[in-house]
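Below you'll find the structure, written out as structure tokens, and then a few comments.
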Amino acid sequence: MPTPDTKQAEKDYLRRSGGRDWEASKPFPPPGQLATEEHAQHLLDFAVLLRVLAPGQADLVLDLGAGSCWVSEWLRRCGVHTVAVDIALDMMRLGAERLGNASGLVVGDMEQLPFTDGAFSKACCLNAFHHVPDQTRALEEIRRVLTPDGVAMFSEPGKGHATSPTSVVASQNYGVLENEILIEAFMNSCLEAGFADVLLHPISNIMPLFVLHRDQWRGWRTFTASSRPTRALDKLWRAVLEFAGLGKGTLLFEEAFAIRLLRELEPVIEQHPIVTAHRQPFVRPTERRDSAAVELVAATSAAPSGTRLPMTLYVKNVGTARWESGAVDQVRVGVQLLTPESAVLNRDHSRHQLPRSLAPGDAVTFDITIPAPAVPGRYTLKIDLVREGVSWFELAGSKPVVHPIDVT
């Protein structure tokens, strides 16, 4: 049973280990050093975080066991709002240096998080939860601070971590706790802590939403542990159908390939599991696709410089995502100013609010006035939809309106 001293060891770790340069440069090696497999795993973990957790502009993400705050730094560079928490004040100070200020950095214990109920829509914990002594208590706290539809992602060292040479040295020299996260036991703990759904992402770097529930993972392990005679007896009737000698090239080949693939994947998954815990039962999200039909109903083709050009637009939502007007990731009409040869002069020439939010299939006709350029000449206006802070619709396949104008 771990002693309370392991928490103090975590607080003292940076000072005692002399690992400031290592933590400050994470996920990269310190200058002059070569990247290791551990650094590669950090980079992969972050890519998986973006794909599995899929944080959006409206999310507030809790970075658990943040250490030197490299995950928060990268998430913020990706436009995501974060709050970072770690038990060690020294780590938070290092994080403040990395981020340039201490905004959104909190010293706190995962077993007693210093936040109100439902404060965060999402949470992530990359390679830190295995240091927590009372994991059930910590999971209850994480669930508490999530919104009713919140989700937490864990990417942790798994089977064999506790006895690895690095872990043994860390425990002996610095007194830190080096648990290993075993998949089925961890999923059970999440369910016991009150999460409604817990999912294993076994090939998250390739297919982030290929997921397994606890019983499916149990079935996977049972299948790979089964012997060939047992499987052969269970499927003897199929072998009879392949009596003509075609088995190795068809059904039996597929089964042999499947068992080989599952057996090779299993230890990799167990060594570094990716798990999400959901406060509500998981529902696979539908594809969120922005697409628009834009038509110019009426337009002015000439105007004096410094005036405004009145236009009437018809816009229809032909995608699968709802367009909110005035929200964090709102959709607006965006006008780009081009030369007659379509070279971009100003990608953000003007923006125009939609008159209301539009669900998929909805359409609206409305008036806008576009500022004429200050310098006389011939120009082209490209009128498109843009999801602010995300992307122009043209990049997703929509066709913008292109309208030439003469400015006198």
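The values are calculated or read from the model by the stated rules, or taken from the named source; none is laboratory data. All of these numbers come straight from a predicted model, not from anything done at the bench. No Cβ is skipped: glycine too gets one built from the backbone with ideal geometry, and neighbour counts run over all protein chains shown.
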Inspect all residues belonging to segment 62-75 and state whether any of them is farther than 20 Å from Thr147 by Cα, at pLDDT 95 or above and within 13 Å of the chain's Cα centre (by Cα). yes
Only one of these conditions is not met by Leu345: (1) in the same structural domain as Asp384 (by TED's automatic domain parsing); (2) within 30 Å of Cys125 (Cβ to Cβ); (3) of a type in the set (A, V, I, L, M); (4) assigned to a strand (DSSP E or B). Which number is it? (2)
Condition (residue is assigned to a loop (DSSP other than H, G, I, E, B), of a type in the set (A, V, I, L, M, F, W, C) and touching a helix residue (DSSP H, G or I) at 6+ places or on another chain (Cβ under 9 Å)) applied to segment 102-109: is it met by at least one residue? yes
Qualifying residue in segment 324-335 (condition: farther than 20 Å from Pro310 by Cβ, of a type in the set (Gly, Ala, Ser) and assigned to a strand (DSSP E or B)): no
With surrounded by 18 or more Cβ atoms within 10 Å (Cβ to Cβ) and in contact (Cβ under 8 Å) with a residue 40 or more places away in the chain as the only criterion, which of Phe115, Phe186 stands out? Phe186
If you go through segment 352-408, how many residues are in contact with a helix residue (DSSP H, G or I) (Cβ under 6 Å, 6 or more places away or on another chain) and aliphatic (A, V, I, L, M)? 1
Gly361 passes all but one of (1) surrounded by 13 or more Cβ atoms within 10 Å (Cβ to Cβ); (2) under 30 Å from Asp59 (Cα atoms); which number fails? (1)
Answer yes if at least one residue in segment 80-88 is outside any loop (DSSP other than H, G, I, E, B) and over 29 Å from Val390 (Cα atoms), and no otherwise. yes
For segment 35-68, name all the residues that are hydrophobic (A, V, I, L, M, F, W, C), surrounded by 21 or more Cβ atoms within 10 Å (Cβ to Cβ) and either touching a helix residue (DSSP H, G or I) at 6+ places or on another chain (Cβ under 8 Å) or in a strand (DSSP E or B) (or both). Leu49, Val61, Leu62, Leu64, Ala66
Note on segment 69-79: residues touching a strand residue (DSSP E or B) at 6+ places or on another chain (Cβ under 7 Å) and either of a type in the set (Phe, Trp, Tyr) or buried (at least 24 other Cβ atoms within 10 Å of the Cβ) (or both) are Cys69, Val71, Ser72
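Quick grid of which residues meet (1) more than 25 Å from the chain's Cα centre (by Cα); (2) closer than 25 Å to Pro285 by Cα; (3) not hydroxyl-bearing (Ser, Thr, Tyr):
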position: Phe120; (1), (2), (3): no, yes, yes
position: Cys124; (1), (2), (3): no, yes, yes
position: Ala128; (1), (2), (3): no, no, yes
position: Gln135; (1), (2), (3): no, no, yes
position: Ser155; (1), (2), (3): no, yes, no
position: Thr163; (1), (2), (3): yes, no, no
position: Leu200; (1), (2), (3): no, yes, yes
position: Pro208; (1), (2), (3): no, yes, yes
position: His213; (1), (2), (3): no, yes, yes
Going through Phe243, Phe257 one at a time, which residue ends up being surrounded by fewer than 11 Cβ atoms within 10 Å (Cβ to Cβ) and modelled with pLDDT under 60? Phe243
